[in-house]
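The values are calculated or read from the model by the stated rules, or taken from the named source; none is laboratory data. Please read all numbers here as calculations on a predicted model, not as lab measurements. Ideal geometry is used to build each Cβ from the backbone, glycine not excepted, and the neighbour counts take in all protein chains shown.
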Amino acid sequence: MNGPSFAQSAQPRWHGMHRRLAAAALAAVMAFSASAPAFAQSRKMSFIRDAEIEQVLREYLDPLLGAAGLRKGFIRVVLVADRSFNAFVADGKRVFVNIGAIMESTTPNQIIGVLAHETGHIAGGHLARMRAEIDKATAIAIIGTILGGAAVIGSARSAQVGTSPAGAIGAILGPSELARRSLLAYQRGEEQAADRAALNFLEKTGQSAKGMLETFERMASDSLFSSTRLDKYLLSHPLPQERVAGLREAAPKGAAFGVKDPPARQAKHDMIRAKLYAFTGDAGEISRRYPAHNQTLPARYARAIGDYRFGRPDAALRAIDALIAEQPGNAYFRELKGQALLEAGRASAAVAPLRKAVSLAPNQPLIRTMLGHALVAQDTPAAIAEAIKELLNATGRDPDNFEGYRYLSQAYARKGDEGNAALAAARGALIEGQFQDAQRFARRAMPLLPANSPAYLAARDIVEAKPEKSQ
């Protein structure tokens, strides 16, 4: 992952995100569960940031958005720190992808098929209609419960004539179950619509639906042992076998079905999978998947990351330098070198490779954030001035970049600009969902900033904002 995303220990430190985002994600996950009420309880979700992986997924997603008539760049991919195979949409602006979906997709086409399906949900406006269906289902359940309660009262009053209390209880439970089945039936229809849309988007972009079919075949195989015992009306998705049957019929009809991923795209995919295994696996898993005799670029990348993570800095730097020598234009190899040096306490040495990485990938705010971190650690007037410039660029490009705001706050504080330091801290806390801390920092910032300046108004907006209700 990018530098701040991972600590030097064997276990990665995942980014947290704004609570509103997590709550929206939770609502989407509920729609993808086999039993929606199971997700009514609180569930924490962790997210990670990585410039390289996000860039590759943007390259996968943008053509699909164009085929769907959606604005490219407006919808972004969020990586969920979960090794299970899943993806979902939450608010029409983000596609959430479990890292497990990437790690288990052996070809780009397989994960592209998943992204095409999620694009189908966004293009079809399924989330907005789902909210209306939830409202309708809730109303059905409430009315049914009220009527059922009246039936219980009536039963108690007429017990002498043989009215069954069990039947009265059924009158309460029945409407709720009916509402749930109605909602799940609606969800199954939306899933099938998203499948059809995905096939269309893949065809428009000249990409095969074979990967999508392979993914659903794997899902069907995984669930085969239990599917015969499931009530299909209690599933939010159509049964996997049904979806596979539909795809087996429709997918080969596409003109692009035989098209394979270009070698360059497959190479990038292999690299991000290696990176994920290297940053999330233990030493044993890394050595099993990428043994020393494997001299491919992804294997050497994974082992270099493993050396860096597990306390072998000299071996890591030698391996990274060999990667750079082979691909001097690869910004992410330079980023990894800067990360290894920075987290080894060698901030001054980290600046040069990170500057080079920024020059090679100037539109990557996460790399600029790491450079800003290294410059802040140098703590000289020139380095602090450069850090502020880089971190303003990074946070301006990436509104969810809370670590960028954290380092920006440190840079302003070391410069002696307490007003902007407090404002940057407020913005970072707001992204992390720490609403009270954000308001506390913003109150501190306001009297230190020029009245009615853009920074002052931004601080005032945070102070006057109302916290969103938790979902």
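Taking the listed residues Ala377, Ala352, the one that is surrounded by fewer than 19 Cβ atoms within 10 Å (Cβ to Cβ) and in the same structural domain as Asp400 (by TED's automatic domain parsing) is Ala377, with no other qualifying.
The requirement of being outside any loop (DSSP other than H, G, I, E, B) and under 20 Å from Leu366 (Cβ atoms) is fulfilled nowhere in the range 284-294; no residue meets it. In the range 378-411, how many are within 21 Å of Ser348 (Cβ to Cβ) and of a type in the set (Ser, Thr, Tyr)? The total comes to 2.
Residue count for the range 310-329, restricted to those that are assigned to a helix (DSSP H, G or I), modelled with pLDDT of 95 or more and either within 28 Å of the chain's Cα centre (by Cα) or surrounded by 15 or more Cβ atoms within 10 Å (Cβ to Cβ) (or both): 7. Among the residues of this structure, Ala385 does not count as one that is assigned by TED's automatic domain parsing to the domain that holds Asp461 and buried (at least 22 other Cβ atoms within 10 Å of the Cβ).
Condition check ((1) in contact with a strand residue (DSSP E or B) (Cβ under 7 Å, 6 or more places away or on another chain); (2) buried (at least 20 other Cβ atoms within 10 Å of the Cβ); (3) at pLDDT below 90; (4) within 30 Å of Gln339 (Cβ to Cβ)) across all residues:
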| site | (1), (2), (3), (4) |
| --- | --- |
| Glu190 | no, yes, yes, no |
| Ala193 | no, no, yes, no |
| Asn200 | no, no, no, no |
| Gly206 | no, no, no, no |
| Arg218 | no, no, yes, no |
| Ser223 | no, no, yes, no |
| Leu247 | no, yes, yes, no |
| Ala255 | no, no, no, no |
| Gln266 | no, no, no, yes |
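Has the range 367-379 got at least one residue that is outside any helix (DSSP H, G or I) and over 24 Å from Ile53 (Cβ atoms)?
yes
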